[in-house]
Amino acid sequence: MFSWLRPSGRISFFHAKDNRLLLTKKSKSDTKEQTTLADICRAATPEKCNLNPFLFNGHLQTAWTAVKSYDIPVYYKRKMFEADSPAYSGHFALDFVVPPYETPNDDEVTDKARKHTQPSGLPERTSFFTQDELTALPSDDTKPMLVLLHGLSGGSHEIYLRHVVAPLVADGTWEACVVNSRGCAQTKISTGVLYNARATWDTRQTVKWLRKNFPNRPLFGIGFSLGANILTNYLGEEGEACQLKAAVLVGSPWNLEISSVEMLRTWMGREVYSKTMGRSMKRLFENHVDEVSKNPRVDVKTVRSITYLHEFDRALQCACWGYPTEGAYYRDASSTDPMLGIRIPFFVVQSEDDPIVSPKAVPFQEITQNPYGVMMTTSWGGHLGWFEYGGGRWFVKPVLNFLNKMAKEVDINAPVIVDHPEKLPGNIANHFGPGKDFDTAPKPEFNPVRRRLAMP
C-alpha cells in the first residue's frame, strides 16, 4: 500500500528489554530521580511520523534532496589539523559553526588557505579562521558541543547536516563543529590516500583536541550515513574511555557487505544508487588525482574506468589499504560488531525503506544486547530523507529532542547504571543447578572491535 494512503509512518523501537540503562535526572533537590535511556528516546520521538504524501516511498524521499534544495544558512570557520597518527599522515579540516559574517573575497584569501583548498574555492559561507581568531578560540564555558560526521563524499555544507545544525545553535546554547573527511568539503590532500569507512583517526584527534581546548564543554556526537558508520566504529573502539557524553547515529549502513550486495540485486540499486555514488567518488578522486596518482598502489586508469561504488572500493580502497577484495574491506569496516562495544548512551534513527541501507544490514538483534543503545525505526523515510510537507525533515525532531534532553535534563556527570552488567556483550552466562557440571568450558573473550587491518 502506498504511503500517501496512510501518511503517518509506523514508528518502532528496539533495545534491551531485561537490562536497562539508568540515567539520573537533573534536580535542585537532594532527591535524584532516575530514568531509562529507552524512556528518554521514546519521549524524544514524536508520536507520529507524518511525511510528505507526494513522496510516498523510500526512492522519492531519497531523491528529493537532489530535486529540491532548501537554503538553510549555516556559517563556518575552518581550522586545519595535521594528523597525529603516524600510520595515517596528512591533514584534515574541522569546520566550526559561527555567527553570520561577511565572507572574504578571493583577494583576501591567504596563501595558507590556498594550500589547503581546491581551486574552485571553499564551500559557501565558509572561510578560514584568522590567527587571532584561533588564538581566542579555546574557552572554559560549559555549553554543550556537538561533533558532526557527514556522509559519503559530503562535507559540512550538506543540507541534511544543516537541517540539524541550524535549529540546534539558533538560541546560542549549543556549539557545533563538523569533521570533514580527507579530501571532502573542498580540501586538498597531502598524501596518496583518501578516507575510508573505518577511518576513525581524525574523529579521535578532534575529540582529544576539543577536550583539551574546551575542558568544561560536554561533548556529543552525531553521524549521518557513512559518517554514522565511522562514528560507531570510533565509539566502539573507545569503549568506556570515550569522551563523548552521548551520540546519535542516523541512516548508518551498518553491515557494508550486506548493504552492497542487496543494493546490487536490483536495477534501481545498481543503476541509480550505486552508479551515482560511484560517480561522486570518481569526482572526488579526480579532484585529488595529482596527489593520489603518486601512490604506487593506485592504477589511475583502472579507477577512471569504474562505474559502480563497489568497483571504486575495489580499485582504490583495496589498493590503498591492502584489502584483497572489497568484501574484505566491507567486513572489516562494518560497524555492527563495534556497536556492541559502545559504553555511552546512543540513539539510532533508521528508515526501514532506505533504498541504500537494506533492512537485512540493520542490527535488529545486536541492538537488544547492548543496553547503552536504543534504535528507533520508521516504516517510511528513505535514506536521510524523512521530508515533511513544506520541506522540513521529520528526523530532526527526535534528534534535537534527544540531544537537548541529554544535555539539559540528564545529569551527564552522574554515573550511568546498567541493571545487569554481567549481561553486557562478551560475558558468558552460567546456569547453575542440579545436574550441571563445574564450568570448565573455554571462555574466549568476544572483542567487538577486533580488526583484520592491523594499525599501529
All positions within region 211-225 that are closer than 19 Å to Pro345 by Cβ and more than 15 Å from the chain's Cα centre (by Cα): Arg211, Arg217, Pro218
Residues being touching a residue at least 24 places away in the same chain (Cβ under 8 Å) and out of contact with any Asp or Glu (no Cβ under 8 Å at 6 or more places or on another chain): count how many of those fall in region 67-78. 7
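Hey, can you tell me all the residues within region 359-385 that are surrounded by fewer than 20 Cβ atoms within 10 Å (Cβ to Cβ) and either touching a helix residue (DSSP H, G or I) at 6+ places or on another chain (Cβ under 7 Å) or in contact (Cβ under 8 Å) with a residue 40 or more places away in the chain (or both)?
Lys360, Phe364, Glu366, Thr368, Gln369, Ser379, listed by residue number.
Going through Ala170, Ala166, Ala176, Ala136 one at a time, which residue ends up being without any contact (Cβ under 8 Å) to a residue 12 or more places away in the chain, under 24 Å from the mean Cα position of the chain (by Cα) and in the same structural domain as Phe402 (by the TED database)?
Sole residue among the options that is without any contact (Cβ under 8 Å) to a residue 12 or more places away in the chain, under 24 Å from the mean Cα position of the chain (by Cα) and in the same structural domain as Phe402 (by the TED database): Ala170.
From Leu60, Leu37, Leu22, which residue is more than 26 Å from Gln369 (Cβ to Cβ) and of a type outside the set (Asp, Glu)?
Leu60
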Give region 245-261 a look and list any residue that's of a type outside the set (Phe, Trp, Tyr) and within 13 Å of Tyr330 (Cα to Cα), or say none. Pro253, Asn255, Leu256, Glu257, Ile258, Ser259, Ser260, Val261
Test for Gln243: is it without any contact (Cβ under 8 Å) to a residue 40 or more places away in the chain, in the same structural domain as Val348 (by the TED database) and within 18 Å of the chain's Cα centre (by Cα): yes
Among the numbered conditions (1) open to solvent by less than 20 Å² (accessible area, probe 1.4 Å); (2) of a type in the set (A, V, I, L, M, F, W, C); (3) more than 21 Å from Lys77 (Cα to Cα), tell me where Phe220 comes up short. (3)
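Has region 433-444 got any residue that is touching a residue at least 12 places away in the same chain (Cβ under 8 Å) and surrounded by 15 or more Cβ atoms within 10 Å (Cβ to Cβ)? Walk me through it before giving the result.
In the first step, residues of region 433-444 are kept if they are touching a residue at least 12 places away in the same chain (Cβ under 8 Å); the result is 443.
Going one step further and asking which of them are surrounded by 15 or more Cβ atoms within 10 Å (Cβ to Cβ), we end up with none.
No, there is no match, as no residue in region 433-444 is touching a residue at least 12 places away in the same chain (Cβ under 8 Å) and surrounded by 15 or more Cβ atoms within 10 Å (Cβ to Cβ).
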What tally of residues in region 221-258 results from selecting those that are touching a Lys or Arg at 6+ places or on another chain (Cβ under 6 Å) and not in a helix (DSSP H, G or I)? 1
Inter-residue pairs, beta-carbon under 6 Å, first in a helix (DSSP H, G or I) and in region 393-415, second exposed (fewer than 15 other Cβ atoms within 10 Å of the Cβ), 6+ apart: Lys397/Pro46
Might you check whether a residue that is closer than 23 Å to Thr276 by Cβ and either touching an Asp or Glu at 6+ places or on another chain (Cβ under 8 Å) or surrounded by 19 or more Cβ atoms within 10 Å (Cβ to Cβ) (or both) occurs anywhere in region 135-144? no
Matching entry among Glu124, Glu108 (being modelled with pLDDT under 95, open to solvent by 40 Å² or more (accessible area, probe 1.4 Å) and in contact with a Pro (Cβ under 9 Å, 6 or more places away or on another chain)): Glu124
Pick out the one residue from Ser259, Ser274 that is hydroxyl-bearing (Ser, Thr, Tyr) and either open to solvent by 20 Å² or more (accessible area, probe 1.4 Å) or under 16 Å from Lys360 (Cα atoms) (or both). Ser259
Given the condition within 25 Å of Gly58 (Cβ to Cβ), at pLDDT 95 or above and hydroxyl-bearing (Ser, Thr, Tyr), answer yes or no: does some residue in region 386-396 qualify? no
Of Gly192, Gly172, Gly183, which residue is open to solvent by less than 10 Å² (accessible area, probe 1.4 Å) and out of contact with any Pro (no Cβ under 6 Å at 6 or more places or on another chain)? Gly183
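The values are calculated or read from the model by the stated rules, or taken from the named source; none is laboratory data. Quick caveat: nothing in here was measured; it's all calculated off a predicted structure. Neighbour counts are summed over all protein chains in view; Cβ atoms, including those assigned to glycine, are modelled from backbone coordinates with ideal geometry. Quick note on the areas: whole protein, heavy atoms, side chains included, nothing else; ligands and nucleic acids left out. Shrake-Rupley method; radii C 1.70, N 1.55, O 1.52, S 1.80 Å.
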